[in-house]
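The values are calculated or read from the model by the stated rules, or taken from the named source; none is laboratory data. Keep in mind the model is a prediction, meaning the values are calculated, not measured. For neighbour counting, all protein chains shown are included, and Cβ atoms are generated from backbone atoms with ideal geometry for every residue, glycine included. Side chains included, ligands, DNA and RNA excluded: accessible areas come from the protein's heavy atoms. Shrake-Rupley method; radii C 1.70, N 1.55, O 1.52, S 1.80 Å.
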Amino acid sequence: ICDDLVKKITEKNDLGNAILIIGHSNTLPKIIRRLGIVDYPQADIPDNEHDNIFLVRIKKNKLIVSRYKYGQSSATDPASPMKN
């Protein structure tokens, strides 16, 4: 599913447009990496975290990802690989 989604985004040259992708803890990291974020951590998001928002954008011709939290925290994970 990750490969098909990324293929559709790149074929239509939609990478610079706003696209909402909703996925699971094991698919979102794969999608982010396949979009071109090569330094994104390899680990899946913990199953008990349901409050993550990932923003992938182009800055100076390079894709970057930022992680934000939404609403009340669903899990406290001090070892989380992504910090805001």
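Counting only protein heavy atoms and a probe of 1.4 Å, the accessible surface of the chain is 51% carbon and sulfur.
The accessible area of V38, taken with all protein chains in place and a 1.4 Å probe, comes to roughly 130 Å². Each label point was placed 7 Å from the Cα along the Cα-to-Cβ direction; for S66 and D51 their separation is 1.9 nm.
Around the amide H of E49, modelled in the peptide plane, lies no amide H under 5 Å away from a residue 5 or more places distant or on another chain.
A helix-only calculation puts the chain at -6000 deg cm²/dmol for mean residue ellipticity at 222 nm, using -39500 (n - 2.57) for each DSSP H run of at least four residues, averaged over all residues. For E11, the accessible surface of its heavy atoms amounts to roughly 130 Å² (probe 1.4 Å, protein chains only, rounded to the nearest 10).
Across all Cα atoms of the chain, the radius of gyration (one decimal) and Dmax (whole number) stand at 13.0, 38 Å. The alpha carbon centroids of segment 47-70 and segment 8-32 are separated by 11 Å. Counting only protein heavy atoms and using a 1.4 Å probe, the accessible area of I53 comes to about 80 Å².
Compute the angle between helix 2-11 and the longest alpha-carbon principal axis of the chain, please, reported from 0 to 90 degrees and rounded to the nearest 10. Helix 2-11 and the main axis of the chain meet at about 40 degrees.
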